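What follows is a set of notes on a single structure, which appears directly below.
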Amino acid sequence: MNRKRVKSITKREFTPIANRQWVPVMLVGDGRPDWMRCIPNDVVQLVLASGTCIDPRMAEIAGKNIFDVVGGMDVYRYDKDDERKGFPINKDHYLIVRNPDTDDALLVLGPRKDHNHWLEKLPELSPNIEIIEKTDDAESSI
C-alpha cells in the first residue's frame, strides 16, 4: 500500500465508531478524526463510519488481501470539477486496520474509488442514524 495514502487514527478517536459493532454512524465536527482536518469543511459533505473492536475482517484491495480490518469510512465530498459532468459528489472509501507497529493507533488506508465514487447526490440516510459530534474521552478497549 502506498505509504503516502496511509493515515492514522488514534484508538481514542476510533472507540465511538468501534462500539457500534459495524452499525454505521455519521461523524461531524470534532467527531471526525484528526487526519481529516486537512480537508476543507466546505468540501466535506458527509462522513459515515463503521467498525468493531472484537470482529476484525479481511478485505481485498486491488487484488491484495488486507487483514485485521476493524473499520471503514466513507467520505462524501463536493468536487466542483465533477459538477459539470452531473456528479458533484465524490465518495472516497477508507479501510481502518490494526497497526502492526504500535498499539496506540490504527492505520487508515485509502482513499479507494469504487463504482459508487461519482454520485449525483448524497445518499439518503435513516433518520435514526447516530451522530457522533466529538471523540469520547473514554479509554479504549481495542
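Quick note: the coordinates plus some simple rules give every number you see, no bench work behind them. Bear in mind that the values here come from a model prediction, so they are computed numbers and not experimental data. Virtual Cβ from ideal backbone geometry, glycine too; neighbours counted across all protein chains shown.
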*Just add up the charged neighbours of S50: K/R +1, D/E -1, any other residue whose Cβ is under 12 Å from the Cβ of S50.*
-1
*Note down the magnitude of the dipole of the chain about its Cα centre, charges +1 on Lys and Arg C-beta and -1 on Asp and Glu C-beta and zero elsewhere, to the nearest 20 debye.*
540 debye
*Search the structure for amide H atoms under 5 Å from the amide H of Q45, placed 1.01 Å from N in the peptide plane, and list their residues when 5 or more places away or on another chain.*
Y76, R77, Y78
*Considering lysine pairs in region 3-119 that are 8 or more places apart or on different chains, how many have Cα atoms under 17 Å apart?*
5
*asked:* Explain nothing, just compute: Karplus ³J(HN,Hα) = 6.51 cos²θ - 1.76 cosθ + 1.60, θ = phi - 60°, for every residue of region 49-61 in order, whole Hz, x for Gly and Pro.
replied: 9, 8, x, 7, 10, 10, 10, x, 10, 10, 9, 10, 10
*asked:* I'd like the FRET efficiency for E83 and W22, computed as 1/(1 + (r/R0)^6) with the beta carbon distance as r and R0 of 30 Å, rounded to 0.05.
replied: 0.35
*Counting only residues 5 or more places away or on other chains, whose amide H sits under 5 Å from the amide H of W22 once H atoms are built in the peptide plane?*
G51, T52
*So what's the back-of-envelope 222 nm ellipticity for the chain, counting only DSSP H runs of four-plus at -39500 (n - 2.57) apiece and dividing by all residues, rounded to 500?*
-2000 deg cm²/dmol
*Find the relative contact order for region 3-119 and round it to a whole percent, using C-alpha pairs within less than 8 Å whose residues are 6+ positions apart.*
26 percent
*Listed residues I96, I39, I54, most fluctuating in the chain (Gaussian network, C-alpha, under 10 Å)*: I39
